[in-house]
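The values are calculated or read from the model by the stated rules, or taken from the named source; none is laboratory data. Please read all numbers here as calculations on a predicted model, not as lab measurements. Because the Cβ atoms are built from the backbone with ideal geometry, glycine has one as well, and the counts that use them run over all protein chains shown. When the accessible area is computed, the model is the full protein with side chains, heavy atoms only, and any ligands, DNA or RNA have been set aside. Shrake-Rupley method; radii C 1.70, N 1.55, O 1.52, S 1.80 Å.
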Amino acid sequence: QVQLVESGGGLVQAGDSLRLSCAASGRTLSTYARGWFRQAPGKEREFVAAVSWSGGATYYADSVKGRFTISRDNAKNTVYLQMNSLKPEDTAVYYCAAGPIATTTAAYNYWGQGTQVTVSS
């Protein structure tokens with residue numbers, strides 16, 4: 001019954017900002033790393049950002065470094081992705097994930113349904 005639900009996606013103009021949220025069920029997930037991935041049409045899913053269980057370490061794909069910020073609120077079992085300076089190439093379905101090792105994509109155990117982010121030029 002572990003469930004991750006993303007929200008906050010939408011249609012925006014290039015240069016705009018969005019904040020994605022992912023609420024997770026279960027207190028056990030407070031000890032899990034949390035990550036964001038995305039999948040654009042016709043492309044494979046790719047890593048975007050991750051945060052350790054404590055929030056003390058963050059990791060970003062080169063394509064979003066300096067523009068996106070991942071954070072978490074363990075009291076709310078929620079992870080956020082603040083996306084600034086959005087570009088059309090950021091258009092994708094964004095997925096929230098949880099797993100035991102922030103830096104190991106294959107270790108992520110739980111995935112959300114995804115939320116669509118569309119950035120127009």
Query raised in the report: Of all accessible surface on the chain at a 1.4 Å probe, what whole percent is carbon and sulfur?
Result: 48
Query raised in the report: When ligands, DNA and RNA are left out and all protein chains stay put, how many square angstrom of accessible area per residue does the chain have with a 1.4 Å probe?
Result: 51
Report summary line: Here the relative contact order (percent) of the range 1-84, from C-alpha pairs under 8 Å and at least 6 apart, is 30
**Report entry** Translational diffusion coefficient (Stokes-Einstein; Kirkwood radius from C-alpha pairs) of the range 52-118 at 20 °C, 1.002 mPa s, in µm²/s
**Finding:** 164
Requested in this report: Would you mind getting me the FRET efficiency between ALA40 and THR69? Use the beta-carbon distance for r and R0 = 22 Å, nearest 0.05.
Outcome: 0.60
Query - Approximate spin-label separation GLN116-GLU89, in nm, with each point projected 7 Å along Cα-to-Cβ - result: 2.3
Report task. Could you work out the local net charge near GLY35, counting Lys and Arg as +1, Asp and Glu as -1, over the other residues with Cβ closer than 14 Å to its Cβ? Result -> +2
Query raised in the report: How large is ³J(HN,Hα), in whole Hz, for each residue of the range 67-82 in order, when computed from phi with the Karplus curve 6.51 cos²θ - 1.76 cosθ + 1.60 and θ = phi - 60°, using x for Gly and Pro?
Result: 10, 9, 9, 9, 8, 9, 10, 5, 4, 9, 6, 10, 10, 10, 10, 7
